[in-house]
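Inspection log for the structure reproduced underneath, given as structure tokens.
Bear in mind that the values in this text are calculations on the coordinates, not laboratory data. Predicted model only: the values in this text are computed from it and were never measured. FYI the Cβ positions are ideal-geometry reconstructions off the backbone, even for glycines, and counts take in every protein chain you see.
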Amino acid sequence: MTEVNSYNQVLGERIQDWQPRKAPEAVTLEGKSCVLEPLSGDKHAKQLFDTYKTTPTIWTYIPIGPFEDLSTYRNVVDTLVASKDTHFAIIDKTTGRAVGQICLLRADPQNGVVEVGYVIFSQELKQTTMATEAQYLLMKYVFDSLKYRRYEWKCDSLNAPSRNAAQRLGFQFEGTFRQAQVNKNRNRDTQWFSILDKEWPTCRQVFETWLSDDNFNNGRQKAGLNEIRDAIVKSHDL
């Protein structure tokens with residue numbers, strides 16, 4: 001029900017008993033195909049540097065990289081780990097090797113808002129079940145464990161793969177911030193996407209249906225995330 005104050009101004013939706021949330025922590029999140037563990041220079045830098053060599057295109061739209069030597073990359077990893085953001089390495093459970101990284105950044109516990117970023121996936125990780133499960137594990141931590149209200153995804157407006165990934169994962173497009181940054185001496189218009197806590201139950205159902213053994217045959221998906229989402233949303237409308 002819409003509320004107005006004594007000046008006849010419309011007020012935002014009332015949130016009952018709101019309390020600031022905890023900040024993200026360096027936890028370990030385990031799935032069926034991958035594990036997210038706190039990023040470590042000692043443990044992960046060399047593995048990630050080696051696997052990133054095969055995917056030079058990953059550095060184009062993010063503020064770091066490319067890296068010509070391990071020591072330079074290791075210094076960046078150490079800086080990321082020492083920051084206020086929460087960085088994770090993505091571990092392939094089959095090989096035990098780090099094949100990518102991901103981060104929770106700009107956490108705002110007061111308002112229950114956090115952004116996923118530094119989504120750096122090697123060729124070994126891209127377009128795999130692990131890649132999707134890693135995103136699901138981090139979302140589940142944000143919404144189910146931390147009880148945040150808003151989960152953000154931001155990307156360069158020219159980064160079509162990132163835009164497509166956000167929408168495939170269930171993020172809603174919100175708009176473009178023009179001339180938002182200077183990235184590697186080039187202009188960056190930034191596109192914003194989000195998932196809200198009220199959207200998470202459906203999003204979680206989509207992920208869990210997609211990740212279920214019933215949805216795979218010899219390692220190949222039977223139905224994609226978008227197909228599953230359409231079916232679930234349609235069933236909710238009946």
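Expressed as an acute angle from 0 to 90° and rounded to the nearest 10, what is the orientation of the C-alpha long axis of helix 225-237 relative to the principal long axis of the chain?
Helix 225-237 and the main axis of the chain meet at about 10 degrees.
Quick one: check the C-alpha center-to-center distance for the stretch 1-41 versus the stretch 123-144, whole angstrom.
19 Å
Averaging sequence separations of C-alpha pairs under 8 Å and six or more residues apart, then dividing by the length of the chain, give the relative contact order as a whole percent.
With pairs under 8 Å counted, the relative contact order is 16 percent.
Given points 7 Å out from each Cα along the Cα-Cβ axis, report the A223 to Q179 separation in nanometres with one decimal.
With each label point 7 Å from Cα toward Cβ, the separation is 4.7 nm.
With no solvent and one equal point scatterer per Cα, compute the Debye intensity ratio I(q)/I(0) for the chain at 0.10, 0.11, 0.16, 0.17 Å⁻¹ and report its log10, rounded to two decimals.
The Debye formula, applied to the Cα set alone, gives -0.52, -0.62, -1.27, -1.42.
Would you please name the trypsin sites (Lys or Arg not before Pro) within the stretch 141-207 that are DSSP coil residues with at most 13 other C-beta atoms within 10 Å of their C-beta?
K147, K184, K198
Which whole-angstrom value gives the distance between the alpha carbon centres of the stretch 57-73 and the stretch 162-190?
The two parts, judged by their Cα centres, are 19 Å apart.
Which loop-located trypsin sites (Lys or Arg not before Pro) does the stretch 70-114 contain, where loop means any DSSP state but H, G, I, E or B and the Cβ has at most 14 other Cβ atoms within 10 Å?
For trypsin sites (Lys or Arg not before Pro) across the stretch 70-114 that sit outside H, G, I, E and B with at most 14 neighbouring Cβ atoms in 10 Å, the list reads K84, K93.
Considering the Cα positions of the stretch 11-118, please state its Rg to one decimal place and its Dmax as a whole number of Å.
16.4, 55
Within the stretch 1-41, list the GluC sites (Glu not before Pro) lying in a DSSP loop whose Cβ has at most 11 other Cβ atoms in a 10 Å radius.
Loop-located and lightly packed - E13, E25.
Name the lysines eligible as straight-distance cross-link partners of K234: C-alpha to C-alpha under 25 Å, and not fewer than 8 places from it in the same chain.
Straight-line reach from K234, under 25 Å: K140, K198, K222.
Which ³J(HN,Hα) values in Hz, rounded to whole numbers, follow from the phi angles of the stretch 171-176 under the Karplus curve 6.51 cos²θ - 1.76 cosθ + 1.60, where θ = phi - 60° and Gly and Pro get x?
6, 9, 6, 10, x, 10
So which residue, out of G100, G112, G12, gets the largest mean-square fluctuation from a GNM of the chain using Cα contacts under 10 Å as springs?
Result: G12 has the largest fluctuation of those listed.
For the stretch 144-151, in order, what is each residue's ³J(HN,Hα) by Karplus, 6.51 cos²θ - 1.76 cosθ + 1.60 with θ = phi - 60°, in whole Hz (x at glycine and Pro)?
These are the phi-based 3J(HN,Hα) values: 8, 8, 7, 6, 6, 9, 8, 10 Hz.
Report, for the chain, the % of DSSP beta bridges that are antiparallel, rounded to 5.
Details: 38 of 42 bridges.
DSSP beta bridges in the chain are roughly 90 percent antiparallel.
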